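Visitor: First the structure, then my questions, so here it is.
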Amino acid sequence: MISVLWLIPVLPLAGFLLLALCGARLSRQQIAWVGCGSVGAAAVTTALVATDFFSLFPARESYQQTLWNWIDTSGMTVGISWYLDALSLLMVAVITGIGFLIHLYSAEYMAHDDDYARFFAYMNLFVAAMLTLVLADNLLLLYLGWEGVGLCSYLLIGFWYREPEYGTAAQKAFIVTRIGDTAFAIGLFILFTQFQTLSIQQVQSFAMEAWPVGSNLAMIVAALFLIGAVGKSAQLPLQVWLPDAMAGPTPVSALIHAATMVTAGVYLIARMHHLFELAPMVQEGIAVLGLVTLLLAATSALVQHDIKRVLAYSTMSQIGYMFLALGVGAWSAALFHFLTHSCFKALLFLAAGSVIHSLHHEQNIFKMGGLRRHLPWTFWTFLIGAAAMSGVPLITSGFYSKDWILWSVWSSPLSHRWIWFGALLGALLTGLYSFRLIFRVFFGEVRTQPTGESGLAMRLPLVVLAFLALTVGFLEMPHTLGHVTLFSQYLSHALPTTELLPGMDESSEAREQLAVTVAALLGIGLAALLFLPGSLFGARGTDQSTSHPSVTLLQGGWGFDRLYDRLFVQPWFAVTRNSSDMVDRGYEWLAVCAESCHGWLSHTQTGHVRWYAATIAVGTLMLLGLFAM
Amino acid sequence: MLSTPALVLAIMLFGLGLIGLLSRRNILYMLLSLEIMLNAAALAFIAGGARWGQVDGEIMFLFILTLAAAEVSVALGIVLQLSYRFRTLDADAFCEMKG
């Protein structure tokens, strides 16, 4: 059964083709069946492949499948070939599983949209592109998926294209990620000129032979790959597209944040980990970038008005944790946080969508409140999601993954103490902004009257995701709590184990865990103190017209948009405005030249046939004379 | 050289034809001059063939004869149309296509 691996990306692609070509002729119900069914079938196929993979490869090696040669010229052979190992299987399972739940949810959420078929066509293509990305055996096929994901994000962010702002947001996402893509492409060129192959496994084994640790080429290529990953995963300095990407429908945000797109960068770095291990400085850069992004995004999330923007900044922050883990060499911890994050972030987005849906597309949290009693399902699932994100100890998955990352940061030889303190501050802020959302939206008095709880197709994914957000964490538990290592064992063949400093024992781990727990609970307690209506400062925080300069700065995501506008956009406009005249003048001169020559020569066209005969005769004579000389 | 007088005659005929073509304004006379030039060229081929003892010259003559006949039949048709349209045979009157 493992040979049906190729079906996994092909099924959503077939769904896309069917919907794109004859979507107009299908009824809404048929569209929903095709759209959800293709991803659901991919999820079932993944389950079949996974069972086979576990029984055929007990040591979790890899399985390769080549379909045909895509490009075959002298010196370059690129195949359409898939590579399945523990890492890609994990990604595929998350993409198809969570992706299916999001599709199911969209079937009801988008039910009244005019472009029902177009929506599902794009969503299916998105899933297909992401599956191509994670299953690719060579970097060129990976790049195809990479670009496909970028294209689909553009199409879906600008899905409601009649609003000009949404179109601008879509273009921004496309252009900003394109900066990263260009760097990534240059990295591919360098690798190909060095090794004459693009196969991921070959490139890395050649690189380990040819390049010593810290060599210049390894540094350059790793840095270029990092820029590519940073663009897709919305990390500093290419993070500006993500908050604006909230323009798309809410299920799209869930898909982008949980299952596809932003995790592509994490996957790329994990997949190319041998290369990054050759460039320790770049790896340190990943950790620092992750830390700075997670703090910037967390502080920005604290002051947003829009419920989806809070979640967007929280995604940036959580991906920052993954980058931090990758940077300190805790590969499995990063992937574990990816797994738990995709469960609780999909849950949070879908629950937020449920809130928005019942409030007639109201997204401002200051106009919400008291929804606890009106939307009980949404409230409880949202609460579970927020608790998982803030890392409420013992019962939520977020606690186990975040604790693993922080423990790795504490004990890794590649890390520093101040990085750990920064990440701990981030954990506190996470609790604060998550529960600010809960207290604002679900407590207090009702400000906008909701229309009531949503239907089964929207509630079912919420319940399943809430269950996952609680239980996925039990796959990996620390020494102090049960010591379950299912997840790290599973990934042990695909990713290297995390190195620890000597002298790290259970007692220091317990102390570190206590600090993390206290930070998360402190954040939640602070949120209750500040934002819970009826609490000590709860009443004060309701004023939404705070316009203190620091608040405005945070709301704009630390002013990066304005900075880039000043640094790149405005100068570019200025340059085009001036130089266009100068360049044009050259071409205008050419046109004038041609025109005057034409006027001058057209005098010889007299229309007299005898004049033509005479010129022919004279011309012939001159030519003969020329030959005679 | 046997062929020299024939070549001289051909050059003279060609020159006469050219002068006639350039100086005459009646389109019929221009056609006549054109025929003279064609025949001068044909004569040069004959002379060349005789000089080298080859039949190629005569073959070219036959070609030119055929070409001249075809050309005259087309040209006379055009002349007929022109005289219908413009009611004149003056070549300088047909100058509507100037640049």
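The values are calculated or read from the model by the stated rules, or taken from the named source; none is laboratory data. Here the structure is a predicted model, which means the values were calculated and not measured. We place every Cβ from the backbone using ideal geometry, glycine too, and count neighbours over all the protein chains shown. The accessibility values were calculated without ligands, DNA or RNA, using every heavy atom of the protein model including side chains. Shrake-Rupley method; radii C 1.70, N 1.55, O 1.52, S 1.80 Å.
Visitor: Tally time: how many residues in segment A:102-120 are open to solvent by 20 Å² or more (accessible area, probe 1.4 Å) and under 17 Å from residue A:345 (Cα atoms)?
Guide: Result for segment A:102-120: 1.
Visitor: While we're on this one: Only one of (1) buried (at least 24 other Cβ atoms within 10 Å of the Cβ); (2) free of Cβ contacts under 8 Å to residues at least 40 places away in the same chain is not met by residue A:220, so which one is it?
Guide: (1)
Visitor: Using beta carbons and a limit of 6 Å, which pairs, at least six apart or on different chains, have the first residue in segment A:376-390 and assigned by TED's automatic domain parsing to the domain that holds residue A:443 and the second one not in a helix (DSSP H, G or I)?
Guide: A:377/A:453; A:379/A:372; A:387/A:396; A:388/A:396
Visitor: I'd like to know if segment B:48-55 contains one or more residues that are open to solvent by 60 Å² or more (accessible area, probe 1.4 Å), assigned to a helix (DSSP H, G or I) and closer than 17 Å to residue B:33 by Cα.
Guide: Within segment B:48-55, not a single residue is open to solvent by 60 Å² or more (accessible area, probe 1.4 Å), assigned to a helix (DSSP H, G or I) and closer than 17 Å to residue B:33 by Cα.
Visitor: Please work out if residue A:59 is part of a loop (DSSP other than H, G, I, E, B), open to solvent by 50 Å² or more (accessible area, probe 1.4 Å) and of a type outside the set (Asp, Glu).
Guide: Yes: the conditions hold for residue A:59.
Visitor: Right, next: I'm trying to understand the selection: among the residues of segment A:481-491, which are in a loop (DSSP other than H, G, I, E, B) and open to solvent by 50 Å² or more (accessible area, probe 1.4 Å)?
Guide: Once the filter is applied, which keeps residues that are in a loop (DSSP other than H, G, I, E, B) and open to solvent by 50 Å² or more (accessible area, probe 1.4 Å), segment A:481-491 yields A:481, A:482, A:483.
Visitor: Another question, if that's okay. So in segment B:11-35, with the set limited to residues that are closer than 19 Å to residue A:618 by Cα and more than 14 Å from chain A (Cβ to nearest Cβ), which one is least open to solvent (accessible area, probe 1.4 Å)?
Guide: This residue is B:13.
Visitor: Taking the conditions exactly as written (touching a residue at least 40 places away in the same chain (Cβ under 8 Å), under 30 Å from residue A:457 (Cβ atoms) and outside the structural domain of residue A:335 (by TED's automatic domain parsing)), does residue A:60 satisfy them or not?
Guide: Here the answer is no, as residue A:60 does not meet what is asked.
Visitor: Which of the residues that make up segment A:157-176 are under 13 Å from the mean Cα position of the chain (by Cα) and either open to solvent by 50 Å² or more (accessible area, probe 1.4 Å) or closer than 27 Å to residue A:271 by Cα (or both)?
Guide: The answer is A:173, A:174, A:176.
Visitor: While we're here: In segment A:330-444, which helices (runs of 4 or more DSSP H) lie fully inside it and hold 1 or more residues that are in contact with an Asp or Glu (Cβ under 8 Å, 6 or more places away or on another chain) and of a type in the set (A, V, I, L, M, F, W, C)?
Guide: A:331-358, A:376-390, A:397-411
Visitor: Now a separate question. When you look at residue A:401, is it surrounded by 24 or more Cβ atoms within 10 Å (Cβ to Cβ) and either in contact with a His (Cβ under 7 Å, 6 or more places away or on another chain) or free of Cβ contacts under 8 Å to residues at least 40 places away in the same chain (or both), yes or no?
Guide: So residue A:401 fits the description; yes.
Visitor: Continuing with the same structure: Quick one: residue A:354 ticks every box in (1) surrounded by fewer than 24 Cβ atoms within 10 Å (Cβ to Cβ); (2) more than 13 Å from residue A:433 (Cβ to Cβ) bar one, so which box is it?
Guide: The one condition residue A:354 does not meet is (1).
Visitor: I'd like the full set of residues that are open to solvent by 50 Å² or more (accessible area, probe 1.4 Å) and within 7 Å of chain A (Cβ to nearest Cβ), limited to segment B:82-99.
Guide: B:96, B:97, B:98, B:99
Visitor: Going residue by residue through segment A:584-592, is there one that turns out to be open to solvent by less than 80 Å² (accessible area, probe 1.4 Å), at pLDDT below 85 and touching a Leu at 6+ places or on another chain (Cβ under 7 Å)?
Guide: Within segment A:584-592, none of the residues are open to solvent by less than 80 Å² (accessible area, probe 1.4 Å), at pLDDT below 85 and touching a Leu at 6+ places or on another chain (Cβ under 7 Å).
Visitor: Restricting attention to segment A:416-428, which residues are open to solvent by 20 Å² or more (accessible area, probe 1.4 Å) and touching a residue at least 40 places away in the same chain (Cβ under 8 Å)?
Guide: A:424, A:425, A:428
Visitor: Here's something else I'd like to know. Of all residues being among the small types (Gly, Ala, Ser) and closer than 24 Å to residue A:145 by Cα in segment A:201-217, which is surrounded by the most Cβ atoms within 10 Å (Cβ to Cβ)? Just the residue, please.
Guide: A:207
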